[in-house]
Amino acid sequence: MQLQTIQSKIYDIRGQRVMLDFDLAELYEVETKRLKEAVRRNIDRFPSDFMFELTKDEFASLRSQIASSKRGGTRFMPFAFTEQGVAMLATVLNSPKAIQVNIQIIRAFVFLRQYALSHKELTEKLQELESKYNKQFKDVYEALNYLLQKDKQETEQKERAKIGFKRGSD
């Protein structure tokens, strides 16, 4: 199973990276109904920071993001599993396939976390460089403005009408 396949099934909902029950069921090669049954039988293992049920609005918004939906009408809103919830699924769905898939999913979450951290570090470096060079450019602009003002004053001084006494040629 490719890491990209799994990553494409990780969504950002409520500020958390999650996977949805129907995508997990597909990866585990079980029916979504069976996956949900197993979760409900072990609901104590899934606190709200491990799993939550989508609202109708969240699901409607998500469906617009998913290119093609082969799920017709859904009677129940999907469960969204965080990384910890996916790890807990391995204990609930104790099959060799579930264990192998979980390993790949956890690797995908770890990769995304590392990517986000490196992206954050890169962004911070760029901002640091930008502020450093913006200050240098500001100094250059101030120096140029000073020189332009100085030239303007000298030019005005030379071009002004002279007043006072003229010396005669004695």
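Starting from residues that are closer than 16 Å to Q4 by Cα and more than 24 Å from the chain's Cα centre (by Cα), keep the ones in the stretch 21-31 and report whichever is modelled with the lowest pLDDT. Within the stretch 21-31, the match that is modelled with the lowest pLDDT is L27. Could you please find all residues in the stretch 19-62 being more than 20 Å from S95 (Cβ to Cβ) and charged (D, E, K, R)? Selection gives D44, D49, E53, K56, D57, E58. A single entry from I13, I106 fulfils the requirement of being touching a Phe, Trp or Tyr at 6+ places or on another chain (Cβ under 9 Å), of a type in the set (A, V, I, L, M) and modelled with pLDDT of 80 or more: I13. State the number of residues belonging to the stretch 126-156 that are modelled with pLDDT of 75 or more and either among the hydroxyl-bearing types (S, T, Y) or within 30 Å of Y11 (Cα to Cα) (or both). Total satisfying the criteria: 2. Assessment of the stretch 32-49 against the conditions (surrounded by 12 or more Cβ atoms within 10 Å (Cβ to Cβ), modelled with pLDDT of 85 or more, of a type in the set (F, W, Y) and closer than 16 Å to L112 by Cβ) yields no matching residue. Taking first residues from the stretch 85-107 that are at positive phi and partners that are crowded, with 21+ Cβ neighbours inside 10 Å, no Cβ contact under 8 Å between residues at least 6 apart in sequence or on separate chains turns up. Residues that are touching a residue at least 24 places away in the same chain (Cβ under 8 Å), among the β-branched types (V, I, T) and not in a helix (DSSP H, G or I) within the stretch 9-63 comprise I10, I13, V18, V30, listed in sequence order.
The condition of being under 21 Å from the mean Cα position of the chain (by Cα), part of a helix (DSSP H, G or I), of a type in the set (A, V, I, L, M, F, W, C) and closer than 20 Å to T5 by Cα holds for only one of L112, L122, that being L112.
The values are calculated or read from the model by the stated rules, or taken from the named source; none is laboratory data. Everything numeric here is computed off the predicted structure, so don't read it as measured data. Neighbour counts are summed over all protein chains in view; Cβ atoms, including those assigned to glycine, are modelled from backbone coordinates with ideal geometry.
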